[in-house]
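Input: a single structure, listed below in structure tokens.
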Amino acid sequence: MKKIKREKYLSILRNFKNQQIIKVITGIRRCGKSTLLELFQDYLKEDGVEENQIISINFEEADYEELQDRKKLYEYLKSKLVKGKKTYIFLDEVQKVSEFEKTVDSLFINKDVDLYITGSNAYLLSSELATLLTGRYIEIKMLPLSFKEYLSAFEDKTDLSRKFRNYLQYSSFPQAIELFKINPQNINLFLDGIYNTILFKDVMQRKGITDKNTLEKVTKYLYDNIGNRTSLKNISNQLEGLEKNNSYNTVATYVQSLIDSYFVYKVNRYDIKGKEFLKTQEKYYAVDIGLRYYMLGQSSGNDMGHILENIVYLELLRRGYEVYIGKYEDLEVDFVAKNSENTIYYQVALTTRENTNENNSTLERELAPLKKINDNYPKYILTLDDDLDADFDGIKKINVLDWLIDKK
């Protein structure tokens, strides 16, 4: 299988190479964490690092089951260190090691060790570990393929619209591309494996959940309602078969477990005018639209407006932004994207062309909240319209596919 270069993530690893800081790579199963480590190891070898200076362990493999004992792991790694040279240690899916943080902490102290670890559950950076390693690690939050990365797997870069539809329907997980090239019908079996592994291993086993039926109902509800404002109370009220006295707490546990396994992402609301974060009516987005098709069927593709929102949200995460749903008085801004240097406002719409069945202009409706915001930060409307980019008093309308591939 051809490895797709994940240049953004690789550049971070290259920048922090040989720095005495633990590189922690987190993300959903099968999003490419192991391949990223392999690509980085290839880079190290090209840069003159010898084979015996690289120790790589994937705890998903049965060969390393014995090393899931932290003391045995530490003794094994200690025996492999190369004296007088830097040793690069890669621990993949390290959360399978009981009390792994103690081994990680012991390795960190050694100045001749450069340490990289991955995990598929937010438990990896639980409060206990974060406290123990405060100031000693950076987290690289990995997602499945961006549309730009997806395109890099194809020699033919034409017909972006068709490729975008395939990207949505047939999944953004790296391995799905190879399956698509062989037979797209195989992708559902692949996604079934991801879905069940996450629900059983990362959610049910880790959290001690026994009610798979209710867990699946919660999961499907969240995937069916991407981009809709909701709350835990709304979810518990919508689901049948829950004990009313315990439904809210049950739903809260299940939703947080799905968030911790990177299966869904929760986005809070932000009052732009009042400059405060709101605690109600959050939104949820799926980690992969292909998984949504698998879970809900082909008719779920009719909700293209919210699907487009979902894609834009994930792309903003990839670009390093903290993302919120914006509220300005009684109007909503789809996304407020913030980083240390900038704030950007985004509206996402399938189209802003005039709908003759409505009295109000679609374009004016999308422009309205952005026009009210009285600051100088950039404001964009992203659509699938293929007409020329436009500017409305500083609010720029651009094609979302051009934006996704970073077309200048």
Inset, instruction - Distance between Cα centroids, segment 319-348 to segment 271-308: provide it in whole Å. - result: 15
Inset, instruction - Mind checking which of Leu222, Phe180, Gln169 is farthest towards the positive end of the chain's charge dipole, using Cβ charges of +1 (Lys, Arg) and -1 (Asp, Glu) about the Cα centre? - result: Leu222
Legend entry - Helix axis angle, 187-197 relative to the chain longest principal axis, alpha carbon, degrees: 70
Inset, instruction - Just need the relative contact order of the chain here, percent rounded to a whole number, with Cα pairs under 8 Å and 6+ apart. - result: 13
Legend entry - Full-stretch length increase - Glu332, Ile55 - with 0.36 nm per residue and alpha-carbon distance subtracted: 94.7 nm
Legend entry - Those aspartates and glutamates that a straight Cα-Cα span of less than 12 Å connects to Lys148, excepting residues fewer than 8 apart in one chain: Glu7, Glu315, Asp402, Asp406
Legend entry - DSSP-defined antiparallel bridges as percent of all bridges, segment 149-408, nearest 5: 60
Legend entry - 30 Å Cα-Cα threshold exceeded, pairs from Lys3/Lys279; Lys8/Lys396; Lys3/Lys397; Lys33/Lys102; Lys279/Lys379: Lys3/Lys279; Lys3/Lys397
Inset, instruction - Relative to the longest principal axis of the C-alpha atoms of the chain, give the angle of the C-alpha long axis of helix 212-224, reported between 0 and 90° and rounded to the nearest 10°. - result: 50
Legend entry - MRE, 222 nm, helices only [DSSP H, n ≥ 4, -39500 (n - 2.57), over the chain, to nearest 500]: -11500 deg cm²/dmol
Legend entry - For segment 47-62, 3J(HN,Hα) per residue [Karplus equation, 6.51 cos²θ - 1.76 cosθ + 1.60, θ = phi - 60°, Hz, x = Gly/Pro]: 8, x, 6, 7, 4, 6, 8, 10, 10, 10, 10, 10, 6, 7, 8, 4
Inset, instruction - Pull up all non-local amide H partners of Ser261: gap of 5 or more, or a different chain, and H-to-H distance under 5 Å with H placed in the peptide plane. - result: Ala122
Legend entry - Reachable lysines from Lys220, criterion Cα separation under 22 angstrom, eight or more residues apart if same chain: Lys201, Lys207, Lys212, Lys233, Lys244, Lys266, Lys283
Legend entry - Degrees, to the nearest 10: 33-46 long Cα axis against longest axis of the chain: 60
Inset, instruction - With r as the distance between the Cβ atoms of Leu350 and Ile21 and R0 = 45 Å, compute the FRET efficiency 1/(1 + (r/R0)^6) and round to 0.05. - result: 0.55
Legend entry - Order of Glu65, Glu322, Glu51 - criterion: other Cβ atoms within 10 Å of each residue's Cβ, fewest first: Glu51, Glu65, Glu322
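Throughout, read-outs are computed from the coordinates displayed, never taken from laboratory work. Model, not experiment: these values are computed from the prediction. Quick reminder, even Gly has a Cβ in these numbers, built from the backbone with ideal geometry, and neighbours come from all protein chains shown.
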